[in-house]
1. Quick one: length gained pulling SER41 to ALA273 fully straight, 0.36 nm per residue minus the C-alpha distance?
2. Show me the trypsin sites (Lys or Arg not before Pro) within the range 201-244 that DSSP assigns to loop and that have at most 16 other Cβ atoms within 10 Å of their Cβ.
3. How far apart, in nanometres, would the label points at LYS229 and LYS258 be if each is projected 7 angstrom from Cα along the Cα-to-Cβ direction?
4. Compute the relative contact order of the chain as a whole-number percentage, counting only Cα pairs closer than 8 Å that sit 6 or more residues apart in sequence.
5. Please list the non-local residues whose amide H lies under 5 Å from the amide H of ASN333, H modeled 1.01 Å from N, same-chain partners needing a gap of 5 or more.
6. Could you look at the chain and say what percent of its accessible area is carbon and sulfur, using a 1.4 Å probe and all protein chains?
7. What lysines sit close enough to LYS229 to cross-link, taking a C-alpha to C-alpha distance under 24 Å and skipping anything fewer than 8 places away on the same chain?
8. Can you give me the long-range amide H partners of GLY342? Hydrogens built in the peptide plane at 1.01 Å from N, cutoff under 5 Å, separation of 5 or more residues or another chain.
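The values are calculated or read from the model by the stated rules, or taken from the named source; none is laboratory data. Keep in mind that this is a model prediction, so the values were computed, not measured. Every residue, glycine among them, receives a Cβ derived from its backbone with ideal geometry; neighbour counts consider all protein chains shown. With ligands, DNA and RNA removed, areas are computed over all heavy atoms of the protein, side chains included. Shrake-Rupley method; radii C 1.70, N 1.55, O 1.52, S 1.80 Å.
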Amino acid sequence: MLAFVYHCFDRIVIYGYLSGLSRPEQVVHFFRNVVGVAVVSKDVLSQRTADYQAWVEAYARNHRLPLEWAEKGVRKEDHVLPWQRRMAKRGTYGVYFIFKSMEQGATFRVTVPKYPTKDPNYRILAHQRSRFTHYYFYIRDEVLGPIVMRVASFFPFQTSYYLNGHSFIEQELKRRQIGFRKSDNAFLAVDDVAALQAAADKLSAQIIRKRLDYWTLILGPKFSPKERKQINLSRFYAIAQIEYCRNFIFKRHFPIHKLFERSCELGLWRLTADKIGEIFGMRVSRRMQGKLATIIDRIEHGHHVFRAYFKHAFLKQYEKFSTFLRNELVSNNLADFRLKKGLDHLDAVRERFQTITGRFAAFQAQWLNVHVDFPLLQRLALPVTVGAVRYPGIKIHDSRLIRLLEVLLHGGTQVGGWTAKQIHHTVLTSFHLAADAYG
C-alpha cells in the first residue's frame with residue numbers, strides 16, 4: 001500500500017538572545033564603558049528603539065517592500081502568500097514583506113533609587129515584560145526556503161525565527177535537480193526516495209546558524225564597529241518549539257481513512273498512561289507535571305487529529321489529501337526529554353525524536369488488526385452478466401483469507417497484470433495456506 005516513507009523536522013521555532021546584553025549589569029557596562037553614557041536612563045534606551053524603527057522604515061522604503069500593521073483575525077502567512085509566490089516565480093531571494101505587530105516582549109525597566117546613593121548617576125535596571133512593536137520579516141532564503149524573522153524593537157532586541165524542514169528539503173532537491181511533487185507541507189512523490197531522506201538528514205545546526213546569523217546582521221538592530229569589538233554581540237540560539245514527523249505516503253487513496261479511523265479507535269483505549277510513558281521513554285509517576293491524555297481534536301472542522309499528550313509535548317496523527325498519513329511529535333519544552341535547548345544539540349533531538357516516533361508507529365503496527373477490501377476483491381463479489389444469464393459473484397467473508405489475498409495480490413490491481421505462471425503459483429499457494437489455516 002505504501003509508495004514510500006520519510007521522516008524529517010517540520011516546524012522549528014528558535015529564539016535568539018544577545019549573550020552580552022541579556023542581564024542588567026551587562027547593559028549598564030555597555031552604555032557606560034562602551035558607549036560612553038554616564039546615566040543609563042529611559043531616554044537612552046528609547047533612543048535605541050527610535051533609531052531601529054527609523055531604520056526599518058527606511059529599509060522598507062528603499063527596497064519598496066510593503067510595511068503594514070497586522071490586522072486582527074487575519075492569518076499572516078495567508079496574507080503574504082501572493083508576494084512569496086511572485087518572488088518564487090522570479091527566482092529571487094530576500095525579504096518580500098514586513099509586518100508590524102503590538103505584542104508582549106522582554107525589555108528593561110529603569111528606575112531612580114528611592115534613597116540617595118554615593119553615585120548620583122546610579123540607576124536600577126530590572127527585567128520586565130511590556131507591550132511594544134515587533135517586526136516580522138518574511139524572507140525567501142536560498143538555503144532554508146521561506147522563513148520568518150521576528151525582531152523586538154525594544155532593548156535587548158530579542159529575535160525569533162520560524163522555519164520548516166520541508167522547505168529546506170525542497171531547496172536541496174531543486175539544487176540537486178531531483179524531481180518531486182510537494183503539496184502544502186508534504187512530499188507526495190519523488191524520483192529518488194534515498195535522496196529525499198538524505199536531504200532531510202542534512203539539516204544541521206551549523207547550516208541553520210549560518211543563515212540566521214546572516215539575516216540577523218542584515219535586518220537586526222545596528223551596532224557600531226567599536227561596540228562590536230568591545231562586547232560580545234553574538235546571539236545564543238535556543239529551540240523554543242520543534243516538530244518531528246514520520247510520513248507514510250500511500251499509493252492509493254482507499255486504505256488511508258480506514259487505517260486512520262481504526263488507529264484512532266484503538267489509541268483512545270489502548271494508549272494507557274503506562275503505554276504513553278513507554279512510547280516517550282519516561283516513567284510515569286505522581287510527581288509528573290503536565291498533561292497525560294489521549295484525545296480526538298478538531299472534530300467540528302471535519303479534519304480529525306489524534307493526540308497523545310505527555311507533559312508539555314504530544315504525539316499527533318492525521319491524514320491529509322487522502323494520500324499521506326503523518327505521525328508527528330511536537331515539543332514545547334525539550335527539558336521534558338532531558339535534552340538541552342541550545343541549537344548545537346539538534347542532532348540529539350533528531351535521534352531521540354526518531355526513536356519516539358518509531359516506537360509509536362511500532363505500537364500501532366501491533367494494534368492494527370484491520371483489513372481493507374481491495375478493489376479486486378470487491379469486484380469479485382459483484383454478479384457477472386453474460387448475455388441473458390446472471391452469475392453470482394464470489395464474496396469472501398473470512399478476514400484471515402482476505403488478509404492472505406491482500407499479501408499475495410499486493411502490487412497488482414487487476415488479474416490482467418499477472419502472467420499465467422504467477423496466477424497458477426498464487427492460487428496454489430492460497431489454497432495450501434487456507435487448507436493449513438482450517439486444518
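1. 78.2 nm
2. Passing both the DSSP loop test and the Cβ count: LYS222.
3. It works out to 7.4 nm between the two label points.
4. Relative CO of the chain lands at 17 percent.
5. Those qualifying (amide H under 5 Å, at least 5 residues apart or on another chain) number zero.
6. 53
7. LYS210
8. For GLY342, whose amide H was placed from the backbone, the distant partners under 5 Å are ILE239.
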